Amino acid sequence: MSGSGAPEQSAPHARGMKVTVVAAQWHKRVMEGLVTGALRAVEEAGAQASVVRAVGSFELPVLVAAAARGGAEAVVALGVVIRGGTPHFDYVCRAATDGLSRVALDTGVPVGFGVLTCDDEAQALARCGGPGSDEDKGYEAACAAMSTALTLAAMRV
């Protein structure tokens with residue numbers, strides 16, 4: 001199980017923090033769970049959320065970069081890529097991962113990585129935080145982004 005060894009996670013105290021959730025549209029049921037979990041974390045933290053929709057996971061980095069440059073203190077990138085019978089899966093996963101990492105490093109704005117890369121829909125549903133899910137990766141990604149933003153702010157003191 002991918003969640004094995006994960007730390008206990010709860011929303012940090014991030015009152016007033018500006019958080020942008022950028023979410024892909026593919027696999028509506030999975031994405032609904034991811035977005036719901038991310039927004040729940042932002043609300044529990046006392047932060048302010050805005051949501052931007054991307055067509056797919058490949059398009060996430062450019063929108064996350066715009067959010068980071070546009071004043072977001074933390075950005076949560078949510079998507080799902082399900083393996084198919086072609087190398088397309090590998091290209092999209094690599095582009096999304098590399099692009100999101102680059103945005104975080106280039107802008108200094110934390111990016112919560114909530115892009116599920118799964119072999120099948122059942123794995124995605126088990127991780128999306130919806131009914132019957134074992135994990136809530138949208139919640140985890142939002143908590144990670146906000147916690148990192150708070151750590152960065154403390155380091156700048």
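The values are calculated or read from the model by the stated rules, or taken from the named source; none is laboratory data. The shown structure was predicted, so the numbers you read here are calculated from the model rather than taken from an experiment. Here Cβ is always computed from backbone atoms with ideal geometry, including for glycine, and neighbour counts include all displayed protein chains. Just the protein is used for accessible areas: all its heavy atoms, side chains included, with ligands, DNA and RNA removed. Shrake-Rupley method; radii C 1.70, N 1.55, O 1.52, S 1.80 Å.
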Q) Just for helices (runs of 4 or more DSSP H) wholly inside region 62-157: which have at least 1 residues that are under 12 Å from the mean Cα position of the chain (by Cα)? A) 88-107, 137-155
Q. What is the residue count in region 34-56 for residues that are assigned to a helix (DSSP H, G or I) and either among the basic types (Lys, Arg) or open to solvent by less than 10 Å² (accessible area, probe 1.4 Å) (or both)?
A. 7
**Q.** Check on Val109, out of contact with any Cys (no Cβ under 7 Å at 6 or more places or on another chain) and closer than 16 Å to Ala24 by Cα
**A.** no
Q) So which of Ala95, Ala23, Ala11 is of a type in the set (Gly, Ala, Ser), surrounded by 14 or more Cβ atoms within 10 Å (Cβ to Cβ) and closer than 18 Å to Thr148 by Cβ? A) Ala11
Q) Scanning for something in a loop (DSSP other than H, G, I, E, B) and touching a strand residue (DSSP E or B) at 6+ places or on another chain (Cβ under 7 Å), does region 1-24 turn up at least one residue? A) yes
Q.
Being of a type in the set (S, T, N, Q), surrounded by fewer than 17 Cβ atoms within 10 Å (Cβ to Cβ), out of contact with any Leu (no Cβ under 8 Å at 6 or more places or on another chain) and within 22 Å of Pro12 (Cβ to Cβ) is true for just one of Thr86, Thr151. Which residue is that?
A. Thr151
